[in-house]
1. May I ask you to verify whether THR214 is of a type in the set (Val, Ile, Thr), assigned to a strand (DSSP E or B) and crowded, with 21+ Cβ neighbours inside 10 Å?
2. Output the residue which, of all residues in the stretch 133-146 that are among the hydrophobic types (A, V, I, L, M, F, W, C) and in contact with a helix residue (DSSP H, G or I) (Cβ under 7 Å, 6 or more places away or on another chain), is surrounded by the most Cβ atoms within 10 Å (Cβ to Cβ).
3. Kindly evaluate ALA257 against the criterion of being open to solvent by 40 Å² or more (accessible area, probe 1.4 Å), under 30 Å from ALA26 (Cα atoms) and at pLDDT 95 or above.
4. Looking only at residues that are in a helix (DSSP H, G or I) and open to solvent by 80 Å² or more (accessible area, probe 1.4 Å) in the stretch 8-28, which one is modelled with the lowest pLDDT?
5. Look at THR280 and say whether it is more than 16 Å from the ligand (Cβ to nearest atom) and polar (S, T, N, Q).
6. Pairs needed: first member in the stretch 309-320, in contact (Cβ under 8 Å) with a residue 12 or more places away in the chain and open to solvent by 40 Å² or more (accessible area, probe 1.4 Å); second member anywhere, of a type in the set (Asp, Glu) and outside any loop (DSSP other than H, G, I, E, B); C-beta distance under 7 Å; at least 6 residues apart or different chains.
7. Does any residue of the stretch 186-195 turn out to be closer than 24 Å to GLY91 by Cβ, in contact with a helix residue (DSSP H, G or I) (Cβ under 8 Å, 6 or more places away or on another chain) and in a helix (DSSP H, G or I)?
8. Among ALA76, ALA122, ALA63, which is the only one that is touching a residue at least 40 places away in the same chain (Cβ under 8 Å) and in a helix (DSSP H, G or I)?
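The values are calculated or read from the model by the stated rules, or taken from the named source; none is laboratory data. Quantities reported herein were computed from a predicted structural model and do not represent experimental measurements. Positions of Cβ are backbone-derived with ideal geometry, glycine not excepted, and every protein chain shown enters the neighbour counts. We work out accessible area using only protein heavy atoms, side chains counted, and drop any ligands, DNA or RNA first. Shrake-Rupley method; radii C 1.70, N 1.55, O 1.52, S 1.80 Å.
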Amino acid sequence: TDKTGLKLVDLDEQGVDRAFRADVLAGMRERQKAIPARWLYDDAGSQLYEDITRIPEYYPARAETEILQQRGAEFAEAIGPGRAVVEFGSGSSVKTPALLSAIDPAAYVPLDIAGDFLRAAAADLSAKFPGLPVYPVEADFMRRVALPEEVADMPKLGFFPGGTIGNMVARTATDLLRTMRETLGEGSMLLVGMDLIKDTAVLEAAYDDAGGVTAEFNLNLARRINRELDGTIPVDKLKHEARWNDSRARVEMHLVAREAIAFEIAGEEFAMAAGETIHTENSHKFDRRSADKQLLAGEWTPIGRWLDSEERFSVVLAEA
Ligand code: AVI
């Protein structure tokens, strides 16, 4: 079964602790142990992911940036001026300037669950684009969001870069795309980054870099469990593994037990046989058909598609 999706919900700090504990304990009781990928992103994990985007093997970040920087004139023609750009999970908004300078938008609405991060990024963006109204919204993008009044009458362009749609199983991605359509309304467009199926060695290297940054990112989840849930996982007895699952067209991250181990989490006992794994993330990859099919299931009609020069990554434009 697929349990590794990004399911974000609005949670206060206590709620986060409770949800983390519930997800970890439920996932660790399953035959194939699995923990939802959203829990990879505590402060240390978010920093490690930022580091991943700069490692040589991790092509998605570079390939997508190349597309956004080099195909601006084509985006401008396909999208037109005067739209409010709504970025889902804007984070540090690193990819946004290339898009905003290309399409002459009427406003920018960054949407993220991490409020402090969001406001700092919005202030940076405002400084770079002095004439552009910026309306940050602190919200969970997995749910329908009420956009600011000021952009109510503007046509919208949703922006969902990074290939994050691939971190969800198809059903969750479909629900999210439909929710985005409800948030953005009639006449809107969506520009979404979708990573492509390619040579297995290239894919596996992108998720298991020689410098070990992705391994740290994955192992940090076990460390987080030890820190926050009174865990006694012997982290040095786990190793990171990235494996291509061909029938599901996805790279999976696992934590593999190097030998038989036993440990506790929140007072509950668990054991892993040598070679047994905890499944911690899926990163689905697409071809043209599967990308279109996913967008159509989410009630978006694809109308444009751009690839980088090495055809590793795609940015797809769709209309509601
Ligand atoms: C955030 N997301 C698009 C990344 C990916 O490529 O699936 C997360 C990641 N996991 C390991 N490396 C990067």
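1. no
2. MET142
3. Values: open to solvent by 40 Å² or more (accessible area, probe 1.4 Å): no; under 30 Å from ALA26 (Cα atoms): yes; at pLDDT 95 or above: yes.
Against the criterion (open to solvent by 40 Å² or more (accessible area, probe 1.4 Å), under 30 Å from ALA26 (Cα atoms) and at pLDDT 95 or above), ALA257 does not qualify.
4. Step by step, filter the stretch 8-28, then rank; the result is GLU13.
5. It is false that THR280 is more than 16 Å from the ligand (Cβ to nearest atom) and polar (S, T, N, Q).
6. Pairs found: SER309/GLU66.
7. For the stretch 186-195, residues closer than 24 Å to GLY91 by Cβ, in contact with a helix residue (DSSP H, G or I) (Cβ under 8 Å, 6 or more places away or on another chain) and in a helix (DSSP H, G or I): absent.
8. Values: ALA76 fails: touching a residue at least 40 places away in the same chain (Cβ under 8 Å); ALA122 fails: touching a residue at least 40 places away in the same chain (Cβ under 8 Å).
Answer to the selection: ALA63.
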